[in-house]
1. What dipole magnitude, in Debye to the nearest 20, does region 4-68 give about its Cα centre under +1 on Lys/Arg Cβ and -1 on Asp/Glu Cβ?
2. So if a site counts as exposed when it's one of the chymotrypsin sites (Phe, Trp or Tyr not before Pro), its DSSP state isn't H, G, I, E or B, and it has at most 12 other Cβ atoms within 10 Å, what's the longest stretch of the chain without one?
3. Which entry is the computed P(r) over Cα pairs in 5 Å bins from 0, in percent for this structure: [x] 3, 16, 23, 23, 16, 8, 5, 3, 1, 1, 0, 0; [y] 3, 13, 8, 9, 9, 8, 8, 7, 6, 6, 5, 5, 4, 4, 3, 2, 1, 0; [z] 3, 15, 20, 21, 19, 14, 7, 1?
4. Tell me which of 24, 9, 54 sits at the most positive position along the dipole axis of the chain, charges placed on C-beta atoms (Lys, Arg +1; Asp, Glu -1).
Amino acid sequence: MIAVLLRFLPPEKRALIELIFRIYSQLDTPEERRDVADYCRQMLSDGKIGLTEWSSFGKKLGVFRLGK
């Protein structure tokens, strides 16, 4: 169903949504997913994202996990 709806979006928006789905699917538990979503909302709340926030976001996404 989602794939059908994505076809109606411009390519750049479709690519962004597909990226979000891929990142989200790599998180192991519902708690991790909720934590990442909450942190992302909080991170974007002021319209600015600093280096520390990006680093924390990467850690929550598992970017810095070894051997996975």
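1. Numbers: 12 positive and 9 negative charges, 43 e Å.
That gives region 4-68 a dipole magnitude of about 200 debye.
2. Longest run free of exposed loop sites: 9-63.
3. It is the value labelled [z].
4. Ranked along the dipole, the leading option is 9.
Bear in mind these aren't lab numbers, they're just calculated from the coordinates by the rules spelled out. Note that this is a predicted model, so its numbers are computed, not measured. Note: ideal-geometry Cβ built from the backbone for every residue, glycine included; neighbour counts use all protein chains shown.
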